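Peer 1: Below is a structure I'd like to ask you about.
The values are calculated or read from the model by the stated rules, or taken from the named source; none is laboratory data. Note that the structure is a prediction, hence the values are computed from the model and not measured. For neighbour counting, all protein chains shown are included, and Cβ atoms are generated from backbone atoms with ideal geometry for every residue, glycine included. Just the protein is used for accessible areas: all its heavy atoms, side chains included, with ligands, DNA and RNA removed. Shrake-Rupley method; radii C 1.70, N 1.55, O 1.52, S 1.80 Å.
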Amino acid sequence: MKQSAVYAMMMIAVLAGGCGKPSEDERVNIASGVGSDTLLNNIILRPVLKAFSALIGEGIEVKKADLRTNDEGFLELQVSGYNRSYNIRRFDYNVEWVDKDGLVIPTKTGVWQKMSVQPKSNFAILSVAPRKDAADFRMNTRKSN
Amino acid sequence: MKMKWIAAGLILAALTGCQPATRNIDIINDEGKPVMALDYRDFDQAATAMIESLIRSGSLNKPGGGRYVVTTGRIINDTMQRIDTDQLMAKIEQEMMNSGQVVMTSAVGGKGATDVMVNEMRDLRDSDQADEFKTETLPAQKQLITPELSMAGKILQRNIRYDNKTEQVEYYFQLQLTDLASGLRFWQEEKILGKRGSRKAVSW
């Protein structure tokens, strides 16, 4: 009985996840409970989805990291990602900038910063190098307390 | 009688054992709980947000090249805490200078000269004691450089009753960069930090 309940939850989650079309325009994300309810994402099934999402440990997924040099010669970073979870994800991150030889550039900006992402939403982390000799970056994350 | 002394000693030892031991804070990876008042982590966060915004804005890029001469004007502490605003500004000034776009002046500032020796040396030059020094090593007149930009701002605190047991404390870090010749504001940023906790926790 228990097993079949878990299987049912899995099926719902997979189907609901598969149907995660945010809106007609994919740049616009309609949060759960804001847009119209669907057969697999409604007031009854939403708690099940949340529970299952937490159970299987869905979380943050980083899609890509873009670097560009701005007009003043400083490297700018944008890390784009997605929160797969049905819950708000809060975490800390820090960015270390390295020069062309791979040496870390000492800076006051390399401290842990807070980030919070809505469920099933895209996010972007922005950072800028503190010196013009920065050539690359490293990013660390940790669970927020 | 002896038993009383032993009991007293045991109680004392037990009480001493209950006190939290002193530990060094791991400043790099501090996993300590947040506090209602402003601590170093809050200043780190605020300063980082300000520095990144300032560099990204391009306001420190001097037309025609070279570096701006910058001073720190008045940073007002409008919180209920005793804060030395240098906790915020020292990081920002350091990063501005390290960016290679700015040189800070110690001759003038919102609290006067940040290094009193700039004025002390001039007082010395104009005093009778100047005879004791080699003339060419004393600072000549009209050597100081006037700042071109000034950084000023405010740290604000608002306490709001959230419910019977909880208090919300909001901290606003506001900074602005002004061109001293024209009076025009080149850059401005605000960073808000909010905390919610027990009304019994003190935020001043």
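Peer 1: A:Thr69 to B:Asp128: FRET efficiency via 1/(1 + (r/R0)^6), r the Cβ-Cβ distance, R0 51 Å, to the nearest 0.05?
Peer 2: The computed FRET efficiency comes out at 0.35.
Peer 1: Per the Kirkwood definition applied to all pairs of different Cα atoms, how many angstroms is the hydrodynamic radius of region A:59-145?
Peer 2: 13.6 Å
Peer 1: Separate question: Estimate the FRET efficiency between B:Gln168 and A:Val104 by the formula 1/(1 + (r/R0)^6), using the beta-carbon distance for r and 30 Å for R0, to the nearest 0.05.
Peer 2: 0.20
Peer 1: Shape verdict for the protein assembly as shown, please, from the Cα gyration tensor: rounded (a/c under 1.5), prolate (a/b greater than b/c) or oblate.
Peer 2: oblate
Peer 1: Per q in 0.10, 0.12 Å⁻¹, report the Debye log10 I(q)/I(0) for chain B, using one uniform scatterer on each alpha carbon and no solvent.
Peer 2: The Cα Debye sum returns log10 ratios of -0.63, -0.79.
Peer 1: How far, in degrees from 0 to 90, does helix B:40-57 lean away from the longest principal axis of the Cα atoms of chain B, to the nearest 10?
Peer 2: In chain B, helix B:40-57 runs at an angle near 30 degrees to the longest axis.
Peer 1: Once B and A are treated as a pair rather than alone, how much accessible area drops out, both sides summed, in Å² to 100, probe 1.4 Å?
Peer 2: 1800 Å²
Peer 1: Once the Cα atoms of helix B:86-98 and of chain B are each reduced to a long axis, what angle between those two axes, in degrees from 0 to 90 to the nearest 10, is obtained?
Peer 2: Rounded to the nearest ten degrees, it is 50.
Peer 1: Past the 20 Å Cα-Cα mark, which pairs from A:Lys132/B:Lys62; A:Lys64/A:Lys132; A:Lys114/A:Lys143; A:Lys64/A:Lys120?
Peer 2: Pairs exceeding 20 Å: A:Lys64/A:Lys132.
Peer 1: In region B:77-111, what residues drop by 20 Å² or more of accessible area when the other protein chains are put back, versus the chain on its own? Use 1.4 Å, and skip ligands and nucleic acids.
Peer 2: B:Lys91, B:Gln94, B:Glu95, B:Asn98, B:Ser99, B:Gln101
Peer 1: Just tell me which lysines come within less than 25 Å, Cα to Cα, of B:Lys134; anything on the same chain fewer than 8 places away is out.
Peer 2: B:Lys134 reaches B:Lys142.
Peer 1: If you add up the charges near A:Arg131, with Lys and Arg at +1 and Asp and Glu at -1, over every other residue whose beta carbon is less than 10 angstrom from its beta carbon, what do you get?
Peer 2: -2
Peer 1: Oh, and also: Extending each Cα 7 Å along its Cβ direction at A:Ile60 and B:Val202, get the distance between those two points in nm, one decimal.
Peer 2: Result for the modelled spin labels: 3.6 nm.
Peer 1: Turning to a different aspect of this structure: With a/c under 1.5 counting as rounded, go ahead and sort region A:27-108 into rounded, prolate or oblate using the C-alpha gyration tensor (a ≥ b ≥ c being the square roots of the eigenvalues; past the cut-off, prolate if a/b is larger than b/c, else oblate).
Peer 2: prolate
Peer 1: What longest range of chain B stays clear of loop-exposed trypsin sites (Lys or Arg not before Pro) (DSSP non-H/G/I/E/B, at most 16 other C-beta within 10 angstrom)?
Peer 2: B:24-66
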